[in-house]
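Below is one structure, written out as structure tokens; the observations come after it.
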Amino acid sequence: MKALEIAINGYQVEYNLPPGALQSPSSETTPARSQGPLIQSLMAQNKIDNPRNIIFFEPNIRKGNSSGLIPDHQPASFVDSWGQPYYILVDSDADQQIPNPDPSPKKSSPVLNSKTIIYSSGPDQDPLTWDDNITSWE
């Protein structure tokens with residue numbers, strides 16, 4: 001999960017904007033998934049979105065119950081240990097803040113100071129049940 005966050009932030013530094021799949025004004029509140037054009041852009045497989053052909057992300061291939069890339073999945077997906085793509089939110093207005101997607105945060109504030117946050121839906125594979133979700137900010 002951390003490598004994906006670093007890749008997205010690296011892309012933002014290089015191009016001064018997030019990857020195409022994350023360029024929506026709602027990207028702070030509506031999560032993108034770690035699959036398809038987003039992953040292709042970060043892996044330099046989408047020349048329209050990554051014209052300099054820079055490899056920002058080199059994930060391991062998923063083996064067993066580990067997280068990793070499923071390259072033959074359509075669309076190509078970077079998944080958690082339960083086989084689900086991660087959820088990604090980015091700061092769309094450059095204030096270094098993203099609303100916390102957890103409706104009742106226990107350990108962190110309602111606003112997270114970050115450019116990118118990522119979370120997994122956890123073992124129950126339901127992103128709305130936050131008790132088992134795995135997050136990049138806690």
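3J(HN,Hα) couplings calculated from phi for region 80-87 with the Karplus curve 6.51 cos²θ - 1.76 cosθ + 1.60 (θ = phi - 60°) are, in sequence order, 7, 5, 9, x, 10, x, 6, 9 Hz; Gly and Pro show x. Mind checking which of PHE56, VAL90, GLY122 is farthest towards the positive end of the chain's charge dipole, using Cβ charges of +1 (Lys, Arg) and -1 (Asp, Glu) about the Cα centre? The residue sitting farthest along the positive end of the dipole is PHE56. Starting from the Cα gyration tensor of region 51-100, take the square roots of the eigenvalues, sort them a ≥ b ≥ c, and report rounded, prolate or oblate (rounded when a/c is under 1.5, otherwise prolate if a/b is larger than b/c, else oblate). It comes out oblate by the Cα gyration axes. Expressed in units of 2.2 N^0.38 Å, where N is the residue count, the Cα radius of gyration of the chain is 1.00.
In whole Å, how far is the Cα centre of region 102-138 from that of region 1-29? For region 102-138 versus region 1-29, the Cα centre distance is 18 Å.
Under the criterion of Cα pairs below 8 Å and six or more residues apart, the relative contact order for region 1-88 equals 25 percent. Within the same chain, lysines fewer than 8 places from LYS106 are excluded, and of the rest, those with a Cα less than 22 Å from its Cα are LYS2, LYS115.
How long is the gain from SER81 to GLN125 if the chain were fully straight, where each residue apart is worth 0.36 nm and the alpha carbon distance is subtracted?
Length difference between fully extended and current span is 14.8 nm.
Sites listed here are trypsin sites (Lys or Arg not before Pro) in region 39-70 whose DSSP assignment is loop and whose Cβ has at most 11 other Cβ atoms within 10 Å: LYS47, ARG52, LYS63. Note on the chain: GNM, Cα springs under 10 Å; of TYR15, TYR119, TYR87, the largest mean-square fluctuation is that of TYR15.
Each reported figure results from applying straightforward, stated rules to the coordinates on display, with no laboratory input. Everything numeric here is computed off the predicted structure, so don't read it as measured data. Positions of Cβ are generated from backbone atoms using ideal geometry, with glycine treated the same way; all protein chains shown enter the neighbour counts.
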